[in-house]
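The values are calculated or read from the model by the stated rules, or taken from the named source; none is laboratory data. All values reported here derive from a predicted model rather than from experimental measurement. All Cβ positions, even for glycine, are placed from backbone atoms using ideal geometry, and neighbour counts span all protein chains on display. Just so you know, the surface numbers come from the protein's heavy atoms only, side chains and all, with ligands and any DNA or RNA stripped out. Shrake-Rupley method; radii C 1.70, N 1.55, O 1.52, S 1.80 Å.
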Amino acid sequence: MTKTFSLLIDGALVAGASDFEVINPATGQAFAHCPKADVDQLEQAIAAAKRAFPAWAARSIEERAGLVDQLADTLEARAGEFASLLTSEQGKPLDQAMYEVMGSVFTLRAFAKMRLETSTLRDEGGNTVIEHRTPLGVVASITPWNFPVILLMNKLGPALVTGNTMVCKPAPTTPLTTLLFGELCAEILPAGVVNMVCDQNELGSLLTAHPDIAKVAFTGSTATGKKVMASAAAGVKRVTLELGGNDAAIVLDDVDPRQVARKVYGGAMTNGGQICVAIKRAYVPEAMYDDFCDELATLANAAIVDDGAKQGTQIGPVQNKMQFDKVSALLEDARVNGKIVAGGAPLDRPGYFIPPTIVRDIPDDAALVREEQFGPVLPVLKYTDIADVVARANDSEYGLGGTVWGRDVERAVEVAKQIDSGTVWVNQYLAIDATIPFRGAKQSGIGGELGQAGLHEYTQAHIVNAVALEDA
Ligand code: NAD
């Protein structure tokens, strides 16, 4: 426990009112302390962001983008330090942690290149109508524990480039990379433009209800997202909600089952399945079902499950004890309702390790199929009819992502078009980048992140409609 972490309030790196332990999920032991903000510090952070807003909004977009670029450069220069801390607090293997950190660098750079357009809607007969975009004010960023770095950048990049100031609150189990990034913000940005506070789930609701917060940019579970939306209603705040998913993979009958099983396995097990758009259920034609399940089981049995800090680890621990217990309970349900062909029980060692688990012959109404497992457990279901499998894929309150796998790409695209979700990938997985909008359908969210549309989410469309005064 060597490094001391600080909150960032009004440009100063400060101690919390108290602190709490951060657990390394690979050991189940505390490895650092996190400063914890009290309500006074939350108020100070919001007040600082409010004070900083007019001057920040008044700068040119080029100037703000230049500072966001500097944040990206500094993050890149310290990528190794960030990746190692990310592995310690989140659990993911070091190479995946590095991928997240470098993805964050690219995300900041992509937003720093974007510009807000001003359009002239009318210019005739002495009447000029101009639409431009203005920043909103203080944005609250609330992030989850699966991708604590990049999900913050998805919000911070567009919020800052468009002229907003921020109060950022990470998840209680992965707060440290956010605070480390706060150190870069303290060096590079004017005081108050970005503030970082940490809690153990006490401050989120105060932040979303606060009258000086103009917008809440939230990524997390659908259950919490509903609370955020209700709380934001009183002030008619803008909200972006990136919520849960239960993405289906539909495998078409013209593929090599073993080749596609390898890709579906990657889509289900990367980050230990703790991705909002992980493949959470796979639908496979009956004729290739056995081959497909066998290949998945072979891959799962061969996986190296270990501490993410160890070279060669493919799957790290589940991030926290609560999620570990939830996934363990789903395993019990799968044991009763389906047939487990790989994995199936938590590892008998310290830390929160669940090996990649493949479950076949499980009914559509089993908890593992209906709920978001958010862990390394994949149910595999069989089908015979395309219209039927599309209906089964769509029979969910969620609508975040999905994948379709087919040799005939046109046919696969036709199936993809019928999936009721924000994004469907064909023959690929997790093809998210900062220039392509990402958003959830149904209870997977409202509004969106990334792309020019994601930039607009941090602005108000503002119309100026002018005519000349007639002669007196
Ligand atoms: P969570 O909803 O438990 O917590 C998310 C954040 O909300 C944390 O910072 C938490 O402290 C805060 N919070 C808790 N109660 C709050 C309240 N009443 N008001 C405001 N904030 C509050 O989610 P989690 O368990 O950390 O993350 C996992 C979930 O996130 C999964 O459902 C996953 O699918 C989802 N997720 C979605 C996306 C996406 O882009 N759609 C991306 C990643 C994760």
*Output the relative contact order of region 247-426, whole-number percent, from Cα pairs under 8 angstrom with separation of 6+ residues.*
27 percent
*asked:* Given a 1.4 angstrom probe, what's the average accessible area per residue across region 1-90, in square angstrom?
replied: 44 Å²
_Net length gained if the chain between residue 201 and residue 113 were fully extended (0.36 nm per residue, minus Cα distance)_ = 28.2 nm
_Count of Lys pairs (Cα-Cα under 27 Å; at least 8 positions apart or interchain) in region 247-426_ = 19
*Obtain the radius of gyration and the Kirkwood radius of region 286-400 from its C-alpha atoms and give Rg over Rh.*
0.99
*Counting only DSSP beta bridges with both residues in the chain, tell me the antiparallel percent, nearest 5.*
50 percent
_Can you compute the FRET efficiency between residue 345 and residue 221 using 1/(1 + (r/R0)^6), with r the Cβ-Cβ distance and R0 = 22 Å? Round to the nearest 0.05._
0.30
*asked:* Quick check: the distance between the Cα centres of region 138-161 and region 242-290, to the nearest angstrom?
replied: 28 Å
*What number, in percent, do you get for the relative contact order of the chain if the mean sequence gap of Cα pairs under 8 Å and at least 6 apart is divided by its residue count?*
18 percent
*Please state the relative contact order of region 15-152 as a whole percent: Cα pairs under 8 Å, 6+ residues apart?*
20 percent
*What is the diffusion coefficient of region 14-102 in µm²/s, taking the Kirkwood radius over Cα pairs and the Stokes-Einstein relation at 25 °C with a viscosity of 0.890 mPa s?*
154 µm²/s
*Apply 1/(1 + (r/R0)^6) to the Cβ-Cβ distance of residue 384 and residue 131, taking R0 = 45 Å, and write down the FRET efficiency to the nearest 0.05.*
0.30
_Hull-based mean projected area of region 137-258, where the convex hull spans the alpha carbons, in square nanometres_ = 10.2 nm²
*Assuming R0 = 41 Å, can you tell me the calculated FRET efficiency for the pair residue 84 and residue 431, based on Cβ-Cβ distance, to the nearest 0.05?*
0.90
*Accessible surface of the chain [probe 1.4 Å, protein heavy atoms]: carbon and sulfur percent*: 53 percent
*Average accessible area per residue (Å²) across region 247-426 - probe 1.4 Å, nucleic acids and ligands excluded*: 39 Å²
*Share of Cα-Cα pairs in the chain lying beyond 35 Å, as whole percent*: 34 percent
*What order do you get for 150-158, 249-257 when each peptide is scored by the mean count of other beta carbon atoms within 10 Å, highest first?*
150-158, 249-257
*asked:* Applying a 10 Å radius around every beta-carbon, put 178-190, 131-143, 54-66 in order of their mean neighbour count, most first.
replied: 131-143, 178-190, 54-66
*Computed magnitude of the charge dipole of the chain (debye, nearest 20; Cβ of K, R +1, Cβ of D, E -1)*: 520 debye
*residue 10 versus residue 329: modelled label distance in nm, points set 7 Å from Cα along the beta carbon direction*: 4.4 nm
*What ranking do 378-391, 117-130 get when scored by the average of other Cβ atoms within 10 Å per residue, highest first?*
378-391, 117-130
